[in-house]
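Participant: A single structure is presented below for examination.
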Ligand code: SF4
């Protein structure tokens, strides 16, 4: 079901965009949908990011948080530095192998459901640092949901990555985290 939503873009109050609502049945005075759709809708529009920034990509994230790009439009302005309060781990920057266990510990301290976004070439693949000391992608230690390419990615790319995460979060089944497939994924990373 598509419903029109009005936005105020740079003072133009008459700009109308169409935003997707949850699937369901509409009748006179009622709208019925599935619980998973409602939970997905709430979760995807209230993601709390934990920025784990070690180098230059972190600066690009700061630009994304500024007024011009305004992550608050996606319900994600509440950046937290306690893993126990956040549900999106954003890893940005070069991760040295020594730092790997720290990233994993932060991930383990986050409550389920949790998602991971690798921002930039370094976090995704080690980037230009093909050396003995740099982790060649954080997916060697924790599962990653979305990768943002670029060195560094522009704020638009970061917003695109957040929107991809929103898609995943909104469509995720409430039972996914209890599935055998998910348990096998966790076990492949040595996580019980
Ligand atoms: S991907 Fe590029 S900009 Fe980002 S941390 Fe690595 S070197 Fe810096």
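The values are calculated or read from the model by the stated rules, or taken from the named source; none is laboratory data. Here the structure is a predicted model, which is why all the values come from computation and not from measurement. Neighbour counts are summed over all protein chains in view; Cβ atoms, including those assigned to glycine, are modelled from backbone coordinates with ideal geometry.
Participant: Checking residue 191 against (1) away from the ligand (no atom under 16 Å from the Cβ); (2) modelled with pLDDT of 95 or more; (3) surrounded by 13 or more Cβ atoms within 10 Å (Cβ to Cβ); (4) part of a loop (DSSP other than H, G, I, E, B), which single condition isn't satisfied?
Facilitator: Of everything listed in (1) away from the ligand (no atom under 16 Å from the Cβ); (2) modelled with pLDDT of 95 or more; (3) surrounded by 13 or more Cβ atoms within 10 Å (Cβ to Cβ); (4) part of a loop (DSSP other than H, G, I, E, B), residue 191 misses just condition (2).
Participant: Give the residues of region 52-96 that are surrounded by fewer than 20 Cβ atoms within 10 Å (Cβ to Cβ) and within 13 Å of the ligand (Cβ to nearest atom), sorted by residue number.
Facilitator: Those that are surrounded by fewer than 20 Cβ atoms within 10 Å (Cβ to Cβ) and within 13 Å of the ligand (Cβ to nearest atom): 53, 54, 55, 56, 58, 59, 62, 63, 96.
Participant: So in region 148-160, with the set limited to residues that are surrounded by fewer than 21 Cβ atoms within 10 Å (Cβ to Cβ) and in contact (Cβ under 8 Å) with a residue 24 or more places away in the chain, which one is farthest from residue 45 (Cα to Cα)?
Facilitator: The residue in question is 151.
Participant: Let me ask another. Among what's in region 97-121 and is in contact (Cβ under 8 Å) with a residue 40 or more places away in the chain and within 16 Å of the ligand (Cβ to nearest atom), pick the residue that is nearest to the chain's Cα centre (by Cα).
Facilitator: Within region 97-121, the match that is nearest to the chain's Cα centre (by Cα) is 117.
Participant: Please go through region 122-146 and give me each residue that is in a helix (DSSP H, G or I), farther than 19 Å from residue 49 by Cα and more than 13 Å from the ligand (Cβ to nearest atom), ordered by number.
Facilitator: 140
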